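Undergrad: One structure is given below, represented as structure tokens, and several questions about it will come after.
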Amino acid sequence: MFDDQRQRIDTLDKEIMRLLGERFQVVREVGRIKTEKDITIVQTARCKEVLDHVAALGEAHDFAPDVARHIYTILIDYAHDLENEIKDKQS
């Protein structure tokens, strides 16, 4: 009954995971740069900027802005964890 929709969701999930993998490769690059330049991992202004941006994107794409913020808060927290791991390995 929902086979077509489920297949589309599965395809979209694969693409979302590919993009998240790509995003976190960039996060690792940022983590290395922050470590090399001795820059603080958590950049509060940048976090706010990203959360505001994804909330606006959510709204523009008929997706609840508060849910977009929540998802990206988790992604940002994970990014900080990765960056801290990189920093700890370099110490």
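Quick note: the coordinates plus some simple rules give every number you see, no bench work behind them. Not measured: the values here are computed from a predicted model. So basically every Cβ, Gly included, is an ideal-geometry build from the backbone, and we count neighbours across all protein chains shown.
Undergrad: Which percent of Cα-Cα pairs in the chain sits in each 10 Å bin, short to long?
TA: Answer for the chain: a P(r) of 15, 36, 31, 13, 4, 1 percent.
Undergrad: Each residue of the range 31-42 in turn: what ³J(HN,Hα) in whole Hz from Karplus with 6.51, -1.76, 1.60 and θ = phi - 60°, glycine and Pro shown as x?
TA: x, 5, 5, 4, 5, 4, 8, 6, 9, 4, 4, 7
Undergrad: Then there is this: Highest mean first, how do 5-15, 51-61 rank when packing is the count of other Cβ atoms within 10 Å averaged over residues?
TA: Those peptides, ordered most packed to least, come out 51-61, 5-15.
Undergrad: Compute the distance in nm between two label points, each set 7 Å from the Cα along the Cα-to-Cβ direction, one at residue 22 and one at residue 71.
TA: Placing both labels 7 Å beyond Cα along the Cβ direction yields 1.6 nm.
Undergrad: When the helix-only estimate is applied to the chain (DSSP H runs of n ≥ 4, each -39,500 (n - 2.57), divided by the residue count), what is the mean residue ellipticity at 222 nm, nearest 500 deg cm²/dmol?
TA: Rounded to the nearest 500, it is -30500 deg cm²/dmol.
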